[in-house]
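Below you'll find the structure, written out as structure tokens, and then a few comments.
All of the numbers you see were taken from the coordinates with simple rules; none came from a lab. This is a predicted model, so every value here is computed, not measured. Here the Cβ is made from the backbone with ideal geometry for all residues, glycine too, and neighbour counts use every protein chain on show.
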Amino acid sequence: MINYEGFEPGFYENRAAIYSKLRDDEPVSFDEERGTFTLSRYEDVAAALSDWETYSCVGPWTNANSQLGALDPPEHTALLGKAKEALSDERMLSMEDDLRADARAVLEVLVAQGECELIVDYIFHCVGRLEGRLFGLTDDQVSECFECVDILGHAPEQAPAVQERLAAVFLPIMAARKQSPGDDLISALVTEGSDGSEALSDPLIFGFLNTLNAPLGGLAPAGVANSVALIGAHPDQQADLAANPSLIPQAYEEVLRLDGPVFAPVQIRVLTRDVTLHGVTMPAGGLVHLLFGAANRDERAIENPEQFDVHRAPFQQLSFGHGIHECLGRLLARLIARVLLEELLAAAPEYSVTEAGPPFEAAAIRNEWLKVSFA
Ligand code: HEM
């Protein structure tokens, strides 16, 4: 049912039962065909994420140009320093005002129309404009970058062609910014660090831009789409949020807990030593999948886990990961969701989802489309 390549058909509708069976009956599940293990209980997944020395990110996929997710310290620490500088809190927070202005402007038109397809017309539109400002890209370049993410989600075998298309966008821009840097993120990456450290190599910068474009064109919009769908399915809580927007950040955490979008169904690690858990010994060198979605719904860690409750006491959901690889874009993802939900609930407090497309499950889980009525 669950493998590293993608979700099996029917997974989305049946995920609560699949997760629950795994946690109860096979907390260390072994896939004989692939020879991989899967952990699904909250305590086990959180412990693995915290222990990079045992659960390593370095595997056959790691090479000289690897990104953060395929590295352990000290290489991870060195690249993380550069990445954090480019994705500084200051740069991320400076995105808020323009994002809000875009959201307001587009909602004015959409609400006057009475209905719309919200994922493309609102969410992608606003997140695309944000990526344009963050990277210093034109609208056409952003469309090309987002289309590449969409193709990868629907047809991963097209990855080589997609890489060429992304290179055709990013490489000339990187060269131009070296000559004449601006205050955008690409300029920050191609120039030397504020501490005088050398700029990263071109392949590393290109890889990093892909690592940022993928969640901006996939996970972040999916997180907002899942929020609109889940909140819309609970009219009482929707009314609470519209009346009290300060609850929106905790509502987003609750959406991520129950329906956090993911690219791969699982995060993967390589064991550096034998580990015995729940009576099963996983050998050194073994591949272990960490199933965030199942961990977030573990009744051993949280009460009434299947219930959507925006008033829940704070709970450390694992959809952004945890430990040294915790999502570097989480501040931005939370900002995007907060602003887009605040503006939607202000402009249309009683919006309703009239039609939800089938699950787009190959990559960032969400519905393919959401038709929303503002009447
Ligand atoms: C709702 C939206 C998002 C979700 C659910 C998400 C989820 C995750 C997860 C689970 C990891 C850790 C993977 C692991 O431990 O193996 C991760 C890492 C990362 N994310 Fe996100 N992400 C989101 C949005 C973003 C955004 C918007 C950006 C940047 C613009 C971003 C950039 C990164 C980077 C650079 C890493 C690598 C960190 C490292 O390995 O040290 N993410 N993300």
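Once Rh for segment 1-109 is found with the Kirkwood sum over Cα pairs, what is the Stokes-Einstein diffusion coefficient at 4 °C and 1.567 mPa s, in µm²/s?
72
Using +1 at the C-beta of Lys and Arg and -1 at the C-beta of Asp and Glu, which of A112, L185, V162 has the Cα lying farthest in the positive direction of the dipole of the chain?
With unit charges placed on the Cβ atoms, the residue in question is L185.
What ranking do 20-33, 121-134, 171-184, 203-216 get when scored by the average of other Cβ atoms within 10 Å per residue, highest first?
Taking the mean over residues of other Cβ atoms within 10 Å, the ranking is 121-134, 203-216, 20-33, 171-184.
Report the Stokes-Einstein translational diffusion coefficient (µm² s⁻¹, integer) for segment 249-303, Rh taken as the Kirkwood radius over Cα pairs, at 37 °C with viscosity 0.692 mPa s.
Estimated diffusion coefficient is 250 µm²/s.
What fraction of the Cα pairs in segment 60-209, stated in percent, has a spacing above 18 angstrom?
So the portion of pairs separated by more than 18 Å is 65 percent.
Write down, largest first, the equivalent ellipsoid semi-axes of segment 11-373 in whole Å, where each equals the square root of 5 times an eigenvalue of the alpha-carbon gyration tensor. Each step should come with its number before you reach the end.
Working: eigenvalues 191, 175, 63 Å².
Sorted largest first and rounded, they come to 31, 30, 18 Å.
Give the order of R104, R91 when sorted by the count of other beta carbons within 10 angstrom, beginning with the fewest.
The fewest-first ordering by Cβ neighbours comes to R104, R91.
Rg and Dmax of segment 288-344, using alpha carbons, in Å: what are they?
Cα only, segment 288-344: 13.4, 41 Å (Rg, Dmax).
I need the semi-axes of the equivalent ellipsoid of segment 138-192: take the C-alpha gyration tensor, multiply each eigenvalue by 5, square-root it, list largest first in whole angstrom.
After scaling each eigenvalue by five and taking roots: 25, 11, 9 Å.
Given +1 on the Cβ of Lys and Arg, -1 on the Cβ of Asp and Glu, and no further charges, what dipole in debye does segment 252-325 carry about its Cα centre, rounded to the nearest 20?
Details: 6 positive and 9 negative charges, 72 e Å.
Here segment 252-325 has a charge dipole of around 340 debye.
At 27 Å minimum axial length over the Cα atoms and a Kyte-Doolittle cut of 0.0, report the qualifying DSSP H helices in the chain, or say none.
Within the chain the helices that satisfy the rule are 159-179.
222 nm [θ] for the chain, helices only, -39500 (n - 2.57) per DSSP H run of 4+, per residue, to 500? Could you put the intermediate results ahead of the total?
Numbers: 15 runs with 187 residues, N = 375.
My calculation for the chain gives -15500 deg cm²/dmol from helical runs alone.
List the aspartates and glutamates whose alpha-carbon lies under 19 Å from that of K84, not counting same-chain residues fewer than 8 positions away?
D72, E75, E96, E131, D183, D184, E192, D195, E198, D202, E326
Two decimals is fine: what is log10 I(q)/I(0) at q = 0.15, 0.17 Å⁻¹ for segment 217-375, from a Debye sum with one equal scatterer on every Cα and no solvent?
Debye output, listed in q order: -0.84, -1.03.
How many angstrom lie between the C-alpha centres of segment 30-94 and segment 290-330?
18
Answer with one residue from S56, P73, G35: the one whose Cα lies farthest towards the positive end of the charge dipole of segment 21-109, charges on Cβ with Lys, Arg +1 and Asp, Glu -1.
Positive-most Cα among the choices belongs to P73.
Only Lys, Arg, Asp and Glu count, each charged at its Cβ (+1, +1, -1, -1), so figure out the dipole size of the chain about its Cα centre, rounded to 20 debye.
420
Give me the tail of P(r) for segment 191-267 as a percent: Cα-Cα pairs with distance above 16 Å.
Pairs farther apart than 16 Å: 64 percent.
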